[in-house]
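A.B. asks: Submitted below is the structure of interest, expressed as structure tokens.
The values are calculated or read from the model by the stated rules, or taken from the named source; none is laboratory data. These figures come from a predicted structure and were not determined experimentally. Cβ placement follows ideal geometry from the backbone for every residue including glycine, while neighbour counts extend to all protein chains displayed.
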Amino acid sequence: MKKLGKIFLITLLSLFTVLTITICIVLFIVFTPERFTPVVRSQVDKFITCQSEIGYVELTFFSTFPEFGLKIRNFALINPVAGSPGDTLVRVDELVCIVDASAWWKRNEIILKGLELTGGSVNVFTDSLGKTNYDIFVTDTITSAAAETDSPLPAIDIRNIGLDDINLNYIDLALKINSSISGLSADIKANITNDNINSEINVKKALVSFEYDGEKYLQQALVKLDIPVDVIMSRQFIRLDNATVSINDLELFLNGSAESDTINKDIITDINYKFSSWQIMDIVGMVPESFSSYFKDIDADGLLSSRGNIKGILNDSLMPIMDIRLQMEKGKLKYAGFPLPVNDIEGDIAIYTDLKTDAFSYVNIKGFSAKTPRSSFSIEGLVNHLFTDIYCNLTTTSALTLDEFNQMIPDSLKINMKGKMTGKVKSAFSMSQIEKMQIEKMKLSGSLTLSGFDVTYDSISLKTDLSKIDFALPNHKASSNNTKFASATILMDNIDASKLAVYSASLQNASVTFETSDARDTTRIPDLICSFKMDSLSAVMDTISISIGKPSGKLLVSPRPGNPDQPQINLDYSSEQINSMAGKSTLAVNNIRFDTEILNDNTQKDIFLQWMAKGSLDLNQGIINMDGLSYPIEIPAIKMNFDPETFKILESKIEIDKSDFQLTGNMNNILSYFRGDSILRGDFSFVSNTTDIDQLMALTNGIGQKDSTITDKAEYQDADTSYTGPYIVPKGVDLFLTTNIKKATMGIDTATNIIGSVQVHDGILVLDGLSFSTPAARMQLTAMYRTPRKNHLYLGLDYHMLDIEISELLKMIPDIDTLMPMLRSFSGKGEFHIAVETYLDSMYNLKKSTLRGASSIKGNDLVLMDGETFGEIAKTLKFNKSTENRVDSLSAEFTIFRNEIDIYPFLIVMDKYKAVIGGRHNFDMSFDYHISVVDNPLPIKLGVDVKGNEDDLSYKLAKCRYAEFYRPASRRVVENKQLELRTLIREALTQKVTK
């Protein structure tokens with residue numbers, strides 16, 4: 001067996017050796033290049049019309065073992081065309097082709113086992129008329145039956161096509177295309193079976209340039225391809241199986257299919273793609289020059305990745321659906337128009353669209369974030385309606401250091417910011433809403449936190465250590481149907497606002513909530529609800545300052561029904577301590593509650609009539625110090641209700657220096673007063689323990705007077721000490737006070753238990769039935785005081801004094817000494833009653849020419865003071881020298897008219913003497929009296945006439961004018977004058993009642 005095997009191997013080796021020698025003889029003797037090249041040249045000329053060049057052709061075996069091959073060197077096709085940059089169509093340094101002849105012969109299959117092109121170039125050219133340089137094949141003009149019979153293509157199997165260092169150039173003037181591929185190295189495999197083509201294209205290296213219409217889109221771009229592809233010719237169907245395309249090392253993976261529907265003229269696609277970590281700088285570097293202006297001054301980098309699917313029909317009216325996912329990592333951006341560099345850009349965006357249909361096209365921003373050196377922000381959300389009115393639904397989160405952004409603000413604005421702002425904002429809006437500023441259709445909500453915030457604008461500054469702002473547009477939690485437009489809640493640890501050398505304000509631990517309607521509607525007042533609460537508020541402006549503890553409240557603003565341009569304001573306010581200063585005046589309040597509704601009427605000219613208010617006020621422990629008053633006004637409590645017509649004082653306690661009083665009652669006709677339709681009316685109860693009348697007169701002096709000369713501020717600036725000027729009764733008011741005063745002072749005089757009524761009626765002061773006590777007497781007073789002019793003051797007086805010391809009476813009313821000079825001669829207690837009217841000057845001196853009145857005086861057990869007058873009368877009437885100067889009773893009446901005083905006969909009783917005295921005297925102190933003794937122990941009745949003046953009196957005996965035992969009857973002149981005065985008061989108070 002071994003010997004047979006050895007023989008077989010020797011025989012086989014011998015046959016192989018013989019075959020090899022035979023092939024060598026054939027190749028080097030029979031098929032030499034010199035013999036084979038002319039044959040190939042002659043055959044080529046039969047199929048092409050252009051000039052060809054073939055260096056030489058040889059049949060290969062050893063280099064293509066175990067197959068035979070055909071090697072052609074220096075192959076060229078030359079076809080000059082006008083306009084072409086060159087004459088050469090194809091030039092190849094070396095071409096080797098290996099064909100499986102057996103497969104063609106036996107199975108009608110073309111198996112190209114190998115095709116290698118090494119070195120060379122291909123230049124394809126088309127002029128503007130469509131003439132090409134590659135139309136070089138001979139046209140077959142002979143029609144044969146075989147040609148008319150459709151026959152299937154033979155099976156073609158291209159095992160390998162190799163390209164090495166090939167340059168391709170394509171110029172199409174009609175399409176304005178100029179492209180080139182240089183240094184192309186590639187392997188191509190293909191298998192064609194009937195209608196199917198299965199191939200694989202592997203471009204190892206190619207430098208590609210592409211120019212269209214003068215614009216260079218690629219310039220020496222390094223391209224690599226690995227494309228497995230299946231093609232069904234009849235269906236115009238292409239399938240890519242994990243294909244790879246790389247341009248400048250930017251690698252793209254493709255997988256899927258595309259098919260042309262020639263009936264419907266559609267292209268049906270289903271392609272998946274993917275690329276990873278593309279360098280953005282490389283992508284930007286490939287942007288054509290004409291588009292580079294969009295990236296001018298932009299320095300961008302980062303890694304971009306994407307994957308997606310393109311599926312659907314492509315035609316003139318439809319686009320396939322693109323489901324795309326874009327991701328960015330480690331992004332960086334610098335832009336000259338944005339002074340801050342942006343780093344750490346991370347993005348994840350999903351795009352779903354057919355580039356046409358809004359119904360299902362969208363961009364889903366799954367996440368996008370970026371950082372500046374000291375700030376960061378992120379965005380996520382959905383963008384749809386991409387092809388009509390783009391609609392965005394976004395959530396933005398930020399942490400900003402505001403100092404960074406100062407360099408973005410123009411210097412002309414003089415704005416500087418410090419601090420941090422963090423927060424999240426949700427927004428939903430369309431582009432048309434942004435362009436048209438249709439804020440009412442947008443949705444905005446979020447929360448922002450300011451920390452260490454400090455912003456200045458020129459000389460204005462705003463600071464807060466920590467503040468939080470929550471806002472919503474629209475307001476889904478509106479407390480009113482009219483405030484659904486927007487809402488905001490601001491929580492502030494503190495906030496300080498100021499303007500240099502003008503004002504400053506500060507809030508501590510404040511909470512403010514706003515709800516509003518659309519304030520841009522200029523046809524109506526916006527609806528506003530504002531609730532606020534804070535620990536403290538303080539403000540300073542010039543010499544004015546205010547500090548409020550724990551203010552809180554609620555403000556409502558709305559248009560008036562039927563008058564949308566006029567506001568209606570409701571305010572419910574309360575606070576604890578209030579301290580305010582204006583110049584030298586100060587105000588301090590322990591707590592206050594204020595509730596009001598204010599209606600605006602902008603058709604009115606007077607500011608008071610424009611704003612009609614009603615509501616209530618509750619104030620406790622207030623102190624007012626006013627410039628010009630050296631004493632404070634203390635307000636232990638005030639409670640009142642008010643409306644445009646009425647102030648209803650439920651409780652008021654006021655202390656002014658030595659005075660304290662409680663005032664309750666109503667003030668009416670307030671609105672009518674300011675309209676000029678009526679006087680101001682009031683009905684009050686005035687209760688006081690101590691009242692300084694001088695001070696109150698100083699505070700109310702001249703109210704309502706139009707003539708600025710009537711009052712002189714200098715006259716009552718120091719009204720806390722004494723009041724020196726004339727009191728001018730307020731005009732335009734009708735105030736009625738029921739008084740109950742335990743103690744009142746006026747100058748050095750003191751009165752107690754003052755009960756009665758006081759009325760101020762349009763410039764008239766009426767004291768009606770006041771009863772009071774003084775150290776001198778018990779008194780009753782009815783009076784009318786009118787001040788038409790400062791130096792022309794009217795006084796009507798009904799003054800009744802009980803149990804008054806005559807000496808005290810003369811001190812209280814010095815003018816009584818002028819009216820009844822004889823009173824200075826009496827001592828003791830009596831009853832004095834006077835009803836008089838007169839005019840006074842500004843110093844309250846009587847204008848005697850205007851004096852009208854009547855008076856009476858009664859007394860018992862009076863003492864007649866010793867004096868020269870009494871001595872002369874006693875001597876003349878023969879009084880007993882031992883008689884005591886005691887007057888048992890005195891009852892006298894007299895009337896005053898201008899300068900004359902008429903003393904009606906009155907009876908004076910002294911011991912056993914009774915005398916009747918009557919007569920007249922004048923203000924010049926000239927006298928004409930008669931005294932008749934009507935009862936005495938003497939048998940004779942004497943009378944005496946007293947005439948002259950104080951310095952020269954004459955005493956003469958005269959016949960008695962009054963009969964023995966004559967008793968004068970009362971003339972009731974005082975009562976008559978009382979009635980006359982009351983009638984005058986009533987007429988004065990009622991003559992303007994129609995007002």
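A.B. asks: Within the stretch 413-425, can one find any residue that is outside any strand (DSSP E or B), out of contact with any Gly (no Cβ under 8 Å at 6 or more places or on another chain) and free of Cβ contacts under 8 Å to residues at least 24 places away in the same chain?
C.D. replies: Looking for residues that are outside any strand (DSSP E or B), out of contact with any Gly (no Cβ under 8 Å at 6 or more places or on another chain) and free of Cβ contacts under 8 Å to residues at least 24 places away in the same chain, one finds none in the stretch 413-425, hence no.
A.B. asks: What about Glu634, is it over 39 Å from the mean Cα position of the chain (by Cα) and in a strand (DSSP E or B)?
C.D. replies: no
A.B. asks: Could you identify the single residue in Gly549, Gly615 that is of a type in the set (Gly, Ala, Ser), touching a strand residue (DSSP E or B) at 6+ places or on another chain (Cβ under 9 Å) and farther than 30 Å from Asp518 by Cα?
C.D. replies: Gly549
A.B. asks: For Leu386, work out the one condition from (1) in contact with a Ser or Thr (Cβ under 6 Å, 6 or more places away or on another chain); (2) surrounded by 16 or more Cβ atoms within 10 Å (Cβ to Cβ); (3) assigned to a strand (DSSP E or B) it doesn't fulfil.
C.D. replies: In the conditions (1) in contact with a Ser or Thr (Cβ under 6 Å, 6 or more places away or on another chain); (2) surrounded by 16 or more Cβ atoms within 10 Å (Cβ to Cβ); (3) assigned to a strand (DSSP E or B), Leu386 misses (3) alone.
A.B. asks: Got at least one residue in the stretch 145-156 being assigned to a loop (DSSP other than H, G, I, E, B) and at pLDDT 85 or above?
C.D. replies: No: zero hits.
A.B. asks: Suppose we keep only residues that are at pLDDT below 75 and among the acidic types (Asp, Glu) within the stretch 814-837. Which one would you say is farthest from the chain's Cα centre (by Cα)?
C.D. replies: So the residue we want is Asp817.
A.B. asks: Taking the stretch 539-579 only, how many residues are over 29 Å from Asn481 (Cα atoms) and buried (at least 17 other Cβ atoms within 10 Å of the Cβ)?
C.D. replies: 5
A.B. asks: With the requirement that a residue be among the aliphatic types (A, V, I, L, M), in contact (Cβ under 8 Å) with a residue 60 or more places away in the chain and more than 18 Å from Ser856 (Cα to Cα), what does the stretch 761-798 give you?
C.D. replies: Those that are among the aliphatic types (A, V, I, L, M), in contact (Cβ under 8 Å) with a residue 60 or more places away in the chain and more than 18 Å from Ser856 (Cα to Cα): Ile764, Val766, Met784, Leu793.
A.B. asks: List the number of the failed condition for Leu810; all other conditions in (1) assigned by TED's automatic domain parsing to the domain that holds Leu735; (2) free of Cβ contacts under 8 Å to residues at least 24 places away in the same chain; (3) of a type in the set (A, V, I, L, M, F, W, C) hold.
C.D. replies: Evaluating Leu810 over (1) assigned by TED's automatic domain parsing to the domain that holds Leu735; (2) free of Cβ contacts under 8 Å to residues at least 24 places away in the same chain; (3) of a type in the set (A, V, I, L, M, F, W, C) leaves (1) as the failure.
A.B. asks: Could you list all residues from the stretch 369-403 that are more than 14 Å from Ser427 (Cβ to Cβ) and aromatic (Phe, Trp, Tyr)?
C.D. replies: Phe387
A.B. asks: Among the residues of the stretch 597-626, how many are part of a strand (DSSP E or B), within 20 Å of Pro567 (Cβ to Cβ) and of a type in the set (S, T, N, Q)?
C.D. replies: Summing the residues that are part of a strand (DSSP E or B), within 20 Å of Pro567 (Cβ to Cβ) and of a type in the set (S, T, N, Q) in the stretch 597-626 gives 1.
A.B. asks: OK, next. For Leu400, indicate whether it is within 22 Å of the chain's Cα centre (by Cα) and either surrounded by 13 or more Cβ atoms within 10 Å (Cβ to Cβ) or farther than 19 Å from Ile469 by Cβ (or both).
C.D. replies: The answer is yes for Leu400.
A.B. asks: Any chance the stretch 356-371 includes a residue that's within 22 Å of Leu326 (Cβ to Cβ), under 24 Å from the mean Cα position of the chain (by Cα) and surrounded by fewer than 17 Cβ atoms within 10 Å (Cβ to Cβ)?
C.D. replies: No - not one qualifying residue is present in the stretch 356-371.
A.B. asks: Restricting the search to the stretch 232-253, which residues are of a type outside the set (Val, Ile, Thr), surrounded by 17 or more Cβ atoms within 10 Å (Cβ to Cβ) and under 19 Å from Lys205 (Cα atoms)?
C.D. replies: Of everything in the stretch 232-253, those that are of a type outside the set (Val, Ile, Thr), surrounded by 17 or more Cβ atoms within 10 Å (Cβ to Cβ) and under 19 Å from Lys205 (Cα atoms) turn out to be Ala243, Ser246, Asn248, Leu250, Phe253.
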